[in-house]
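What follows is a short report on a single structure.
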Amino acid sequence: MGKIFFITGGCGFIGANFIRFLLNNGINNKVINLDKLTYAGNPNNLLNFENDERYAFIQGDICDQQTVNEIFDNYHPDIVVNFAAESHVDRSIDGPADFIQTNIVGTSVLLQEALQYYKKLAGEKSSGFRFHHISTDEVFGSLGEEGFFTEKTPYNPSSPYSASKASSDHLVRAWHRTFGLPVIISNCSNNYGPLQFPEKLIPLMILNCLEEKPLPIYGKGKNVRDWLYVEDHCDAIDTIIENGTVGETYNVGGNNEIQNIEIVKTICGILDEISPSKNGKSYMELITFVPDRPGHDFRYAIDSSKLKNELNWSPKETFDSGIKKTIDWYLTHQEWWLQIKNNTYKQERLGVL
């Protein structure tokens, strides 16, 4: 028997990839997708399933208690996966209130409605219920030249975005410890891959290359991130839901620590080969260094050995294989990102004080 999944934020980048993962790999799964359809929520990400009886889409806000309550009452989910979040650091600098509302208030509404629903369950339905909260490594703050984030690393968020996600993580733990709600948290490193909104580093650089626009690099480009291919992340979430321990936290990383400048150079090098510039020059000549982001964390690095040792999960993609798949996807899905660029996002810089 498949499970009934209540997914929040399922029209966004990671949420849509996870829904595709569930429906493509679990024939009997059913998915209810609640999404507010803010600027980064794109129903076109799931067009393949709009007539699929296993899939139901509801446009709504996780802050709306009545809507969330009705989903629990009408669909009786086995699993809640909370992807819904404002997620771009630069936007959180320009407008932190939206991050506080969605990421903190919205999570509290979901938790309380999930708890009321859970209290009514009995037997197998009760023992199998899970509330899986998707979080980020940014809650841990910045690392120096050495060391890794573990599940025991103290929280030390730097931006309004990461502070709001840290707050939501604390709420999830509190609902478990105080009320007994069966929760699991995962904190992931930087995701990349198909369907990522083009404000993020990798798709922005791909699109700017294709349009021969400047490639803006914050500071000197020395900031380091661990990169996780989104389909590997989806597989990790599924593994944690199936086999993880209630009340535990799992770090999910891609084992790919890379400086931002090296990411951009890699993208330029691949595109130089497979989609050369019309003027015959290397895309690397478009690299432009710009003033750094306020409060920019220097380095993130995830230790996901707990996930590997306890649940036997490790990423399948190397960065070399994942970035080639990602670039190929954006090259072959120009109608997807052109619609966004024409209607929603002009590739402008945000988060400048």
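Looking only at residues of the stretch 4-40 that are in a loop (DSSP other than H, G, I, E, B) and modelled with pLDDT of 95 or more, we find that the one that is surrounded by the most Cβ atoms within 10 Å (Cβ to Cβ) is GLY10.
Kindly establish whether VAL246 is in contact with a strand residue (DSSP E or B) (Cβ under 7 Å, 6 or more places away or on another chain), in a loop (DSSP other than H, G, I, E, B) and of a type in the set (A, V, I, L, M, F, W, C). Against the criterion (in contact with a strand residue (DSSP E or B) (Cβ under 7 Å, 6 or more places away or on another chain), in a loop (DSSP other than H, G, I, E, B) and of a type in the set (A, V, I, L, M, F, W, C)), VAL246 qualifies. For GLN101, the criteria (1) assigned to a helix (DSSP H, G or I); (2) surrounded by 16 or more Cβ atoms within 10 Å (Cβ to Cβ); (3) of a type in the set (S, T, N, Q) hold in every case but one, which is (2).
Here ILE58 meets the list (1) over 20 Å from ILE237 (Cα atoms); (2) part of a loop (DSSP other than H, G, I, E, B) almost entirely, failing just condition (2). For the stretch 137-144, check the following and say yes or no: at least one residue is buried (at least 18 other Cβ atoms within 10 Å of the Cβ), within 23 Å of the chain's Cα centre (by Cα) and in a loop (DSSP other than H, G, I, E, B). Yes, the stretch 137-144 contains at least one residue that is buried (at least 18 other Cβ atoms within 10 Å of the Cβ), within 23 Å of the chain's Cα centre (by Cα) and in a loop (DSSP other than H, G, I, E, B).
If the requirement is being among the small types (Gly, Ala, Ser), closer than 27 Å to GLU146 by Cβ and more than 22 Å from the chain's Cα centre (by Cα), which of these qualifies: GLY219, GLY253, GLY280, GLY269? So that I can check it myself, show each step before the final result.
On the way: GLY253 fails: more than 22 Å from the chain's Cα centre (by Cα); GLY280 fails: closer than 27 Å to GLU146 by Cβ; GLY269 fails: closer than 27 Å to GLU146 by Cβ.
Criteria check complete, one pass: GLY219.
Screening ALA16 against (1) touching a residue at least 60 places away in the same chain (Cβ under 8 Å); (2) under 23 Å from GLN65 (Cβ atoms); (3) touching a Gly at 6+ places or on another chain (Cβ under 7 Å) leaves a single unmet condition, (2). Sub-6 Å Cβ pairs linking a first residue in the stretch 66-88 that is modelled with pLDDT under 95 to a second residue that is acidic (Asp, Glu), at least 6 apart or interchain, are GLU86/ASP98; HIS88/GLU199, ordered by first then second residue. If you filter the stretch 145-159 down to residues that are in a loop (DSSP other than H, G, I, E, B) and touching a residue at least 24 places away in the same chain (Cβ under 8 Å), you find that the one that is nearest to the chain's Cα centre (by Cα) is SER159. On the given criteria, is ASN187 within 26 Å of GLY95 (Cα to Cα), modelled with pLDDT of 95 or more and in contact with a Leu (Cβ under 6 Å, 6 or more places away or on another chain)? Taking the combined requirement at face value, the residue does not satisfy it. A search for C-beta distances below 7 Å between a residue of the stretch 238-252 that is within 23 Å of THR178 (Cα to Cα) and any residue that is assigned to a strand (DSSP E or B) and charged (D, E, K, R), counting only pairs 6+ apart in sequence or on different chains, returns ILE241/ARG130. Name the residues in the stretch 190-203 that are over 26 Å from ASN251 (Cβ atoms) and modelled with pLDDT of 95 or more, would you? Hits for the stretch 190-203: nothing passes. All conditions but one from (1) free of Cβ contacts under 8 Å to residues at least 24 places away in the same chain; (2) buried (at least 20 other Cβ atoms within 10 Å of the Cβ) apply to GLU53; the one that does not is (2).
Being part of a helix (DSSP H, G or I), of a type in the set (Gly, Ala, Ser) and closer than 29 Å to PRO291 by Cβ narrows it down to one residue among SER162, SER87, SER126; which is it? Explain how you work it out, then say what you get.
Numbers: SER87 fails: part of a helix (DSSP H, G or I); SER126 fails: closer than 29 Å to PRO291 by Cβ.
Of the residues listed, the single one that is part of a helix (DSSP H, G or I), of a type in the set (Gly, Ala, Ser) and closer than 29 Å to PRO291 by Cβ is SER162.
Determine if the stretch 313-325 includes at least one residue that is of a type outside the set (D, E, K, R), in contact with a strand residue (DSSP E or B) (Cβ under 6 Å, 6 or more places away or on another chain) and surrounded by 19 or more Cβ atoms within 10 Å (Cβ to Cβ).
Start the filter on the stretch 313-325 by keeping residues that are of a type outside the set (D, E, K, R), which leaves 313-315, 318-319, 321-323.
Pick out the ones that are also in contact with a strand residue (DSSP E or B) (Cβ under 6 Å, 6 or more places away or on another chain) and you get 319, 322.
Pick out the ones that are also surrounded by 19 or more Cβ atoms within 10 Å (Cβ to Cβ) and you get 319, 322.
Scanning the stretch 313-325 turns up at least one residue that is of a type outside the set (D, E, K, R), in contact with a strand residue (DSSP E or B) (Cβ under 6 Å, 6 or more places away or on another chain) and surrounded by 19 or more Cβ atoms within 10 Å (Cβ to Cβ).
Taking residues in the stretch 313-341 that are closer than 17 Å to ILE270 by Cα and modelled with pLDDT of 95 or more, and partners anywhere that are among the small types (Gly, Ala, Ser) and surrounded by 13 or more Cβ atoms within 10 Å (Cβ to Cβ), the pairs with Cβ atoms closer than 6 Å and at least 6 places apart or on different chains are THR326/GLY193. Name every residue in the stretch 275-293 that is free of Cβ contacts under 8 Å to residues at least 40 places away in the same chain, surrounded by 13 or more Cβ atoms within 10 Å (Cβ to Cβ) and assigned to a loop (DSSP other than H, G, I, E, B), in order of residue number. The one that is free of Cβ contacts under 8 Å to residues at least 40 places away in the same chain, surrounded by 13 or more Cβ atoms within 10 Å (Cβ to Cβ) and assigned to a loop (DSSP other than H, G, I, E, B): SER282. For the stretch 283-297, taking the residues that are over 20 Å from the mean Cα position of the chain (by Cα) and over 15 Å from GLU262 (Cα atoms), the one that is modelled with the highest pLDDT is identified as VAL290.
The values are calculated or read from the model by the stated rules, or taken from the named source; none is laboratory data. None of the values given here were measured: they were computed from a predicted structure. Note that we place each Cβ from the backbone using ideal geometry, even for glycine, and neighbour counts take in every protein chain shown.
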